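So the structure is just underneath, and the comments pick up after that.
The values are calculated or read from the model by the stated rules, or taken from the named source; none is laboratory data. The structure presented is a predicted model; accordingly, all values stated were derived computationally and were not measured. Backbone-built Cβ (ideal geometry, glycine too); neighbour counts: all protein chains shown.
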């Protein structure tokens, strides 16, 4: 949580520098649109799957078998995700035309130039994620905690020193430098504690049984979430100039507690859930303790964020006028849902630890589909252009609250009602 807080502070500096250098033009929209494209594939195939696939399968392995499984996993990510990132770097215009088709051809050309570099950064982050998963299994969190700080810090430094001279490409090169530091931090820690890798493919055999089915289920779950986020940016690309930037900043900082509280606590609890697989009373105790800390940390912060959204954003980002109004609107609605949203990654890991990937998939697909449909209808059909961003904010609010409610009901009924 401490590292997440530090990383989020550096993320604030990054976004503040983006606003300072690009906020007076449509280029602020280009930056967030360009990040969304490679991020879609990273969180679809890696960020939402690596740890949850690796940890339960590796937890029961020892010695050489664990090394074989890690090595097989690592080479698989390098080969398969590397191929995808290579295609993204060679044909960025193709992906841009799909993800942000609302922009004109000149804007799409600038977005493609930045996205091309960002595909390189997410490849490095993907490799780093495998080393990070191994460190989480051993409950050694120092490198896992430090890597995001270095990544975000490098981007902030790169923008501050080079954006004025080199423009948008400075953001891409800074992201590559940050991702390289992310990878080196986790890889060095991995080897420092005596781990090693070898040239293995799908070894040991028993650990790869039903892997395709588990991966497909997690892929479907991640797809629902990533499609929802990408749909928001796609919708925003058809709205007034500045909408992509306002929505992205508002959503990023409305979800600040998810990064600082929800995800770190979920990552810390997941190895404990996995080691108590099918021991529902023990898992219930872990879950109760984790949720207690979530609510203590999030409820007061969310109340402050709702009532003082404009003041907070004015002070932090020096926003004003229409940009401030739109960003504050998104920020307030999303942060209102954060106490519930922060429970989602923790509740989902209860299912993952017990080898149930289908229930989370169903919950996410239902809630994200309803939330995305709400956003599209309100933004494109119901609200006038000057208020369309409210539709995006309400869609995210619906997604967060509905998903948390469905997860809570399913967790109680399946695991804890009779435990």
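When you scan the range 166-186, how many residues do you find that are part of a helix (DSSP H, G or I) and touching a residue at least 40 places away in the same chain (Cβ under 8 Å)?
Count: 14.
Tallying residues that are surrounded by fewer than 16 Cβ atoms within 10 Å (Cβ to Cβ) and within 20 Å of the chain's Cα centre (by Cα) within the range 81-97 yields 1.
All conditions in (1) surrounded by fewer than 21 Cβ atoms within 10 Å (Cβ to Cβ); (2) without any contact (Cβ under 8 Å) to a residue 40 or more places away in the chain hold for residue 108, with the sole exception of (1).
One line per residue, one yes/no per condition, for (1) surrounded by fewer than 18 Cβ atoms within 10 Å (Cβ to Cβ); (2) under 16 Å from the mean Cα position of the chain (by Cα); (3) in the same structural domain as residue 20 (by TED's automatic domain parsing):
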{"position": "222", "(1), (2), (3)": "no, yes, no"}
{"position": "242", "(1), (2), (3)": "no, no, no"}
{"position": "259", "(1), (2), (3)": "no, yes, no"}
{"position": "266", "(1), (2), (3)": "no, yes, no"}
{"position": "269", "(1), (2), (3)": "no, no, no"}
{"position": "288", "(1), (2), (3)": "yes, no, no"}
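For residue 415, the conditions (1) assigned to a helix (DSSP H, G or I); (2) closer than 30 Å to residue 18 by Cα; (3) over 19 Å from the mean Cα position of the chain (by Cα) all hold with the exception of (2).
Regarding the range 119-137, can at least one residue be identified that is in contact (Cβ under 8 Å) with a residue 24 or more places away in the chain and either farther than 24 Å from residue 11 by Cβ or outside the structural domain of residue 3 (by TED's automatic domain parsing) (or both)? Checking the range 119-137: at least one residue is in contact (Cβ under 8 Å) with a residue 24 or more places away in the chain and either farther than 24 Å from residue 11 by Cβ or outside the structural domain of residue 3 (by TED's automatic domain parsing) (or both). Selection of the range 381-419 for residues being within 21 Å of residue 233 (Cβ to Cβ), exposed (fewer than 15 other Cβ atoms within 10 Å of the Cβ) and without any contact (Cβ under 8 Å) to a residue 40 or more places away in the chain yields 381, 382, 384, 387.
Out of the range 262-320, which residues are out of contact with any helix residue (DSSP H, G or I) (no Cβ under 7 Å at 6 or more places or on another chain) and more than 30 Å from residue 13 (Cβ to Cβ)? Within the range 262-320, 275, 278, 279, 281, 282, 285, 288, 289, 292 qualify. Counting only helices (runs of 4 or more DSSP H) that fall entirely inside the range 302-355 and contain at least 3 residues that are free of Cβ contacts under 8 Å to residues at least 24 places away in the same chain and surrounded by fewer than 16 Cβ atoms within 10 Å (Cβ to Cβ), the qualifying elements are 309-317.
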